[in-house]
Amino acid sequence: MPRISAPVKLLSYGDLIEKGEYKLHYRFEHAVNLRKGQALLTILPAGRPAGPFNLVLEELPEKISKVSFDGKAFLLNGDRVALPRGAKYDSRLAVARIPAAKLTANLQRLRKLICDSAPSKSAVFLLDAAREAGFKSGFERRFVARMKEAAVSLAMGAYEAGAGGMKGLGFGMTPSGDDFLGGYLLGINAAELYSAKNLGLVKERVYTSALGSNLVSNAFLAASFKGRADERVNAVIRALFSPSGRATQKAAEELLAVGHTSGGDIAAGFLYGFYGVMNI
Amino acid sequence: MPIKTTIKKGAYFDSVALMQVAKKLNSVPGVLDSAVVMATKENKGLIKASGLLTAEVEKAGENDLAIAVSARTPEAAEAAFKAAEELLNKKPAAASPGADRRAAGLDDAVTALGGANLAVISVAGRFAGPLAADCLDKGLNVMLFSDNVPVETEIALKKEAAKKGLLVMGPDCGTAIINGAPIAFANSVRRGNIGVVAASGTGAQEVTALISNEGAGISQCLGTGGRDVKAEVGGLAFLQALAMLAKDEATRVILLVSKPPHPSVMKKITAAVKKIRKPVVAVLLGGEVKEKVKEDFYPARTLEEAAYKAACLGKGLKAAKARELIYDMNLRAGELAKKEAAKKKKSRFLRGLFTGGTFVGEAQVVLPEFTGPVLSNAPLDKKYRLKNSVELTGHAVIDLGEDEFTVGRPHPMIDFSLRNKMIVSEAKKPEVSVLLLDLVLGYGANLKPLDDLLPPLAEAFRANKELSIVASVTGTEADPQVRSKVVRALESAGVLVMPSNAGACRLAGEIIRLSAKEKR
């Protein structure tokens, strides 16, 4: 059983965690979500990724109902946990201006990898129509049709219709549509950093239409809108904009290795977002 | 057409579990359509469009899980729900009384297992350092299976351990045998008087298994992790392990296994070896010891030579006796090679698909004298680096345990799928004449290697009539897979099996050499 009597060891904390008092929202086996209004704080045990709203501890506390953060320390059930030097996770995207040919090769590599390896029910069918065959029941086929319709709207610049049509759709605790849209916003942010275009309005239109009432999805979308990501997603983006193709492969495999649909959904959304706005 | 729905309020199931449920529902006889999704407004829209909406689903909130099924009969809907419930309620089996207990943390584990003096750590690299430091504080030796541990952390841990009289094996240490217990990737070997210090996991497995199969035995096998012998770490664990074996009364012969250490580290190792009053055998794959270290120091070119020299010394024989063992093996290999070479018409290249990195190094030491230059994704000489690790050209040997193949996947010693694919795809190339394989048995490795390996081998032989497949099997009779059983099955499938990797390389190389000669 996890313990609370021993000192709590803080491994990392996200740079978007708002100051204030958070109360228990939901406890999962490997994560505890706390909320302060619409703000999220997720406590994770060692081995889980650092993220903009994540507080990673050596072990999950056995019981936790309240967490406060004042910018200098966390109070977990009243126990003060100081912030170790270097533990703050910088969630900003790392985008380097590598030559376009290199970048294109890396993007193609990512596309191929997710088309080959993403879980069958992820939104990667938007990149590879052959994957639609994996969606067999009537419900699944309708899901595919709705996602495709929304993706076409996004591609045509009808961002409100596209994001609004896709949000909340699909499988998983954070539905595939939300993951795709988070990836889409990250793609736009990466394009903005790479090309120095001002894409603020596009982001705004997608983001405001993508918000729903799922606390976790909204937190992910908010971070993506600001160009922030957890370390696994950030590793893929950093690798995409590095001259090493092998780095892209490795980082993307790690993202997909999580086993859920999210990795594939986010990566597919990223490619849609990046290609979409770079072609403007 | 009955429609049945249920809502799991605020329930959390990971998406893999939800996918399994969705798949199961659709496979239940009589089920026409189903949905297992979070009840977001948008998903409810889809459920409605699919004709699965009920008042219950309509009322559900965004954080609730909705399960909906339409079926031909109420019984089929009921059966589908039962199957879904079973999957969702499935919990890991509880440990039976007396079985190994899962500890909540390090403190709990140390309390539960009084007298423990070794911790094996296998967590993500960046968390491994602090955990290893805690273990040292608790008086535990450490085997760090984890990789990606920063080099500064490795150095600090090893220095701290030395101060406390403890040993840190690793990071990236996959093999050890302590007091007869195989740890992580290791084989069940005879106990004996040969102590091994290894900066190479597969190398340690090969030498300990060969020694055991030759009737000698192992006192201890201490791993160090490959980076230990680089300049930055300075051989801290290697030297410490060497000193431990020098003092160990049960160890009469010491065997050192490594890729060539950095010259500065080599100097320290040589100085330490000179002071040891026990025979020392050393194999530095791809490198050599140039100076005369001492009278009873025996350098070896391959793992096989090192293992046989150590085995002979361990049995009280002269090290030179090892040559006879290798000579006997070569005689048999020569006969086999002649037969195989005779069936080659157009094919001419060798492709080595290895799961053990050290075997790739050994292949590059042995093969070139038979085949000429050999390319690799893990070349001993950078000029022989393969341009593309999956599009092999010329004579090539690849290490499928390299990061480029293993990120996000189990190690190829456990999961054969990638190599199996390559066995078939390489065999289909008409220019490929010989496939050279390793198969590592023992703890940590694939427990049913034949189930996975025989089908692609059969497909390979079907695809290429000129093909020879040569393999070595690293393991012992006491391993869970039983070496002789595996060897027999491979031989029945048409594979030429040799007792050692070096032996397999010589046979494969000789087939290539003879067939090239015949074509001329």
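The values are calculated or read from the model by the stated rules, or taken from the named source; none is laboratory data. Every value quoted in this text rests on a predicted model; they were computed, and no experiment measured them. Cβ atoms come from the backbone with ideal geometry, glycine included; neighbour counts cover every protein chain shown.
Structure notes:
- Qualifying positions in segment B:387-446 - more than 19 Å from A:E254 (Cβ to Cβ), without any contact (Cβ under 8 Å) to a residue 12 or more places away in the chain and hydroxyl-bearing (S, T, Y): B:S425
- Unique match (being modelled with pLDDT of 90 or more and more than 25 Å from A:L240 (Cβ to Cβ)) among A:A73, A:A123: A:A73
- Per the listing A:G168, A:G177, A:G183, the residue uniquely within 16 Å of the chain's Cα centre (by Cα) and more than 9 Å from chain B (Cβ to nearest Cβ) is A:G183.
- Residue check, A:A151 within 13 Å of chain B (Cβ to nearest Cβ), crowded, with 18+ Cβ neighbours inside 10 Å, modelled with pLDDT of 90 or more and more than 25 Å from B:L25 (Cβ to Cβ): no
- Selection from segment B:392-445 of residues that are in a loop (DSSP other than H, G, I, E, B), modelled with pLDDT under 85 and over 11 Å from the mean Cα position of the chain (by Cα): B:V407, B:G408, B:R409
- Residues (within 14 Å of the chain's Cα centre (by Cα) and modelled with pLDDT of 90 or more) located in segment A:238-280: A:D265, A:I266, A:A267, A:A268, A:G269, A:F270, A:L271, A:G273
- Taken together, A:R228, A:R238 contain a single residue that is more than 14 Å from chain B (Cβ to nearest Cβ), charged (D, E, K, R), buried (at least 19 other Cβ atoms within 10 Å of the Cβ) and under 26 Å from A:L41 (Cβ atoms), which is A:R228.
- If the condition is being more than 21 Å from B:V233 (Cβ to Cβ) and either surrounded by 19 or more Cβ atoms within 10 Å (Cβ to Cβ) or outside the structural domain of B:T208 (by TED's automatic domain parsing) (or both), then segment B:259-279 contributes only B:P279.
- Looking only at segment A:43-63, residues that are surrounded by 15 or more Cβ atoms within 10 Å (Cβ to Cβ) and within 13 Å of chain B (Cβ to nearest Cβ) come to 12 in all.
- Those residues of segment B:24-43 which are more than 9 Å from chain A (Cβ to nearest Cβ) and crowded, with 21+ Cβ neighbours inside 10 Å, in sequence order: B:A39
Rundown of residues vs (1) in a loop (DSSP other than H, G, I, E, B); (2) in the same structural domain as A:K112 (by TED's automatic domain parsing); (3) more than 24 Å from A:Q38 (Cβ to Cβ), yes/no style:
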residue	(1), (2), (3)
A:E160	no, yes, no
A:D178	no, yes, no
A:A191	no, yes, yes
A:K197	yes, yes, yes
A:S217	no, yes, no
